[in-house]
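S.K.: I have a structure here, written as structure tokens, and I will follow up with some questions on it.
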Amino acid sequence: AVATASGPLCVEAGGLSLLADPVASPGRVIIAGAGHVGRQVGLMASLAGFRVTVLDDRPDFAKADRLPGADEVRCVTPGGDWLEGLGMHEDCYVVIVTRGHRNDGEVLASALRTPARYVGMIGSRRKRDAVYRRLEEAGTPRAAIERVHSPIGLDIGAETPEEIAVSIVAELVQARAASRVRHAIPPLQA
């Protein structure tokens with residue numbers, strides 16, 4: 001029998017019927033940038049069952065009361081490591097939607113040093129290429145840069161912050177679903 005993270009499974013072994021209910025992490029979305037898009041991504045990611053952390057270097061933006069759906073909100077030090085102290089692991093999904101190329105590049109460089117399952121950055125292909133070029137010049141391996149989803153989100157023709165959030169969170173859900181590994185349940189020994 002095979003159990004998936006999508007639901008319970010009845011297993012019959014040795015004359016016994018057992019119910020296996022897999023436990024899977026919902027994943028943690030870390031959003032760097034609490035502007036219009038980051039705010040909507042946080043709300044949408046929460047609705048999709050992710051735990052949500054939102055980061056921004058602007059105190060007026062990094063406020064829990066303006067970020068519905070966020071489980072945690074942090075105001076980071078400008079120029080510092082935005083991801084420091086977050087306990088990054090393979091069930092993390094990093095969404096980079098800061099207000100500028102410099103912040104995007106710093107967060108991206110930091111994210112690529114983590115085991116995060118997903119790293120995505122908003123922006124045009126021209127911006128993306130410029131950020132990638134700076135990372136490579138600083139010694140980031142090309143293989144690490146190839147982990148990045150940019151432009152971020154599924155191509156659905158999104159234009160408004162809400163539509164962009166739908167496209168980003170759809171890509172996060174897709175990445176989470178692809179990561180679910182089927183595990184064979186060995187037969188019970190009598």
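The values are calculated or read from the model by the stated rules, or taken from the named source; none is laboratory data. Predicted model only: the values in this text are computed from it and were never measured. Using ideal geometry, Cβ is built from the backbone for each residue, glycine included, and neighbour counts are taken over all protein chains shown. Side chains are part of the model used for accessible areas, which takes the heavy atoms of the whole protein and leaves out ligands, DNA and RNA. Shrake-Rupley method; radii C 1.70, N 1.55, O 1.52, S 1.80 Å.
S.K.: Just need a number here: residues in the range 83-102 that are open to solvent by 10 Å² or more (accessible area, probe 1.4 Å) and closer than 19 Å to Arg134 by Cα.
M.R.: 6
S.K.: Filter the range 160-190 for residues that are part of a loop (DSSP other than H, G, I, E, B) and at pLDDT 95 or above and give the result.
M.R.: Thr160
S.K.: With the condition kept exactly as written, say whether any residue in the range 126-139 is in contact (Cβ under 8 Å) with a residue 60 or more places away in the chain and either on the phi < 0 side of the Ramachandran plot or open to solvent by 40 Å² or more (accessible area, probe 1.4 Å) (or both).
M.R.: no
S.K.: Next question, about the same structure. Can you tell me how many residues within the range 140-159 are in contact with a strand residue (DSSP E or B) (Cβ under 6 Å, 6 or more places away or on another chain), open to solvent by 40 Å² or more (accessible area, probe 1.4 Å) and outside any loop (DSSP other than H, G, I, E, B)?
M.R.: 1
S.K.: Name the residues in the range 27-78 that are open to solvent by 40 Å² or more (accessible area, probe 1.4 Å) and at pLDDT below 95, would you?
M.R.: Pro68, Thr77, Pro78, listed by residue number.
S.K.: Which of (1) of a type in the set (S, T, N, Q); (2) modelled with pLDDT under 95; (3) more than 18 Å from Glu171 (Cβ to Cβ) does Ser124 not meet, given it meets every other one?
M.R.: Condition (3) is where Ser124 drops out.
S.K.: Moving on. Out of (1) in contact (Cβ under 8 Å) with a residue 24 or more places away in the chain; (2) part of a helix (DSSP H, G or I), what's the single condition that is false for Pro115?
M.R.: (2)
S.K.: Where residues in the range 110-125 are of a type in the set (A, V, I, L, M, F, W, C) and open to solvent by less than 10 Å² (accessible area, probe 1.4 Å), which of them is nearest to Val94 (Cα to Cα)?
M.R.: Val119
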